[in-house]
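Below: one structure, written as structure tokens.
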Amino acid sequence: MNIIVAKDYAGFSEKAAQVVASQLTLKKNSVLGLATGSTPLGVYAKLIQWYKQGKLDFSSVSSVNLDEYVGLPRESDQSYYYYMNENFFKHINIDVSRTNLPNGLAADVEAECKAYDTKIKALGGIDLQLLGIGHTGHIGFNEPCEEFPKGTHRVTLDHKTIEANSRFFASEKDVPKQALTMGIQSIMSAKAVLLMANGEGKAEIMYKALCGPVTPKVPASVLQLHERLYVVGDEAALSVIKEKHPELIG
Ligand code: F6R
């Protein structure tokens, strides 16, 4: 596990973007696993900036997103499809036909989840998976549970997640209750993983995830078992780890 600490959100975004840029330098046609939410917004902004400066080329990149809400049409400004296009894809030279998100409106959810896993395999697997972390310890939308889920599946969101994500919606009751998410096996099969966290609100869960027991009750804890895990956080998000395990922070 490599833990990279930045002073603030700007520094955090730059350092996380550097991990992505290095991946693209190593392999032009990388398959990127992408995340949504507040955490990576600055990372996408940085990558867009470097693309506009001619430093990055996404023309041969493919992408698979972690998750999508069930029941929101793609045009909804809260769908993750909309988020990815608005915050990243439309600003870079990625071929949109090579970008993938689960279809939260699929009539046959099981078939959709299977097809998503088949797609990831057909792409040759994920080279670098970007992850945020939820207050519940979720990665993707894999909420605390009894057994690590394997492939893409439908999940009922934890009330804490609904509460946290209500900041993007008119009210809490407008937040979809379910989502389709890549499973833990899909995430762990990525060749490298970049876990990102910023802000004090993530400090305790980052400590539990990276220093506590590996348990499906804290889904992100499974990342301790990944051979190529890069953690990028700001000082606030890494503060509890620093206090209790200073040796882990460079
Ligand atoms: C997003 C995702 C979630 C978020 C997590 C943190 O695609 O899969 O796991 O990464 O909920 O969200 P933010 O970044 O909004 O705190």
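The values are calculated or read from the model by the stated rules, or taken from the named source; none is laboratory data. Quick caveat, the model's predicted, so the values are computed rather than measured. When we count neighbours, we look across all protein chains shown, and the Cβ atoms used for this are built from the backbone with ideal geometry, even at glycine.
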Are any of the residues in segment 195-209 of a type in the set (Val, Ile, Thr), more than 12 Å from the ligand (Cβ to nearest atom) and within 17 Å of THR136 (Cβ to Cβ)?
no
So, ARG154, is that one over 24 Å from GLY42 (Cα atoms) and among the charged types (D, E, K, R) or not?
yes
Output yes when any residue across segment 30-37 is crowded, with 23+ Cβ neighbours inside 10 Å, within 16 Å of the ligand (Cβ to nearest atom), of a type in the set (S, T, N, Q) and part of a loop (DSSP other than H, G, I, E, B), and no when none is.
yes
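Look through segment 127-157, keep the residues that are within 12 Å of the ligand (Cβ to nearest atom) and among the small types (Gly, Ala, Ser), and return whichever of them is surrounded by the most Cβ atoms within 10 Å (Cβ to Cβ). First the steps, then the outcome.
Filtering segment 127-157 for residues within 12 Å of the ligand (Cβ to nearest atom) gives 129-143, 155, 157.
Those still in the list that are among the small types (Gly, Ala, Ser) too: 132, 134, 137, 140.
Numbers: GLY132: 21, GLY134: 23, GLY137: 25, GLY140: 28.
Ranking the candidates gives GLY140 first.
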Single residue of GLY233, GLY201, GLY183 found to be among the small types (Gly, Ala, Ser), more than 22 Å from GLU14 (Cα to Cα) and at pLDDT 95 or above
GLY183
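Somewhere in segment 110-119, is a residue within 12 Å of the ligand (Cβ to nearest atom), surrounded by 22 or more Cβ atoms within 10 Å (Cβ to Cβ) and at pLDDT 95 or above? Break it down into steps so the answer makes sense when it comes.
Applying the first criterion (within 12 Å of the ligand (Cβ to nearest atom)) to segment 110-119 yields none.
No, that holds for no residue.
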Identify the single condition in (1) closer than 25 Å to LYS121 by Cβ; (2) in contact with a Gly (Cβ under 9 Å, 6 or more places away or on another chain); (3) of a type outside the set (Gly, Ala, Ser); (4) crowded, with 23+ Cβ neighbours inside 10 Å that PHE12 does not satisfy, given that it satisfies every other one.
(1)
Looking at segment 86-105, is at least one residue touching a Lys or Arg at 6+ places or on another chain (Cβ under 8 Å) and of a type in the set (Val, Ile, Thr)?
no
Out of (1) in contact with a Phe, Trp or Tyr (Cβ under 6 Å, 6 or more places away or on another chain); (2) more than 14 Å from the ligand (Cβ to nearest atom), what's the single condition that is false for MET188?
(1)
Subset of segment 158-176 (residues that are surrounded by fewer than 15 Cβ atoms within 10 Å (Cβ to Cβ) and closer than 19 Å to PRO144 by Cα)
HIS159, GLU163
Of the residues LEU47, LEU26, LEU72, LEU56, which is away from the ligand (no atom under 14 Å from the Cβ) and more than 25 Å from MET188 (Cβ to Cβ)?
LEU56
From the set of residues in segment 132-174 that are aliphatic (A, V, I, L, M) and in contact with a strand residue (DSSP E or B) (Cβ under 8 Å, 6 or more places away or on another chain), which is farthest from GLY199 (Cα to Cα)?
VAL155
In segment 65-75, which residue that is surrounded by 15 or more Cβ atoms within 10 Å (Cβ to Cβ) and more than 23 Å from LEU128 (Cα to Cα) is modelled with the highest pLDDT?
VAL70
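For MET84, indicate whether it is under 19 Å from the mean Cα position of the chain (by Cα) and surrounded by 22 or more Cβ atoms within 10 Å (Cβ to Cβ). Before you say what the answer is, go through the steps one by one.
Numbers: under 19 Å from the mean Cα position of the chain (by Cα): yes; surrounded by 22 or more Cβ atoms within 10 Å (Cβ to Cβ): yes.
Yes; evaluated as a whole, the condition is true for this residue.
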Among the candidates GLU75, GLU112, single out the residue that is more than 18 Å from the chain's Cα centre (by Cα), charged (D, E, K, R) and not in a helix (DSSP H, G or I).
GLU75
Of the criteria (1) surrounded by fewer than 18 Cβ atoms within 10 Å (Cβ to Cβ); (2) more than 16 Å from the ligand (Cβ to nearest atom); (3) at pLDDT 95 or above, which one SER62 fails:
(1)
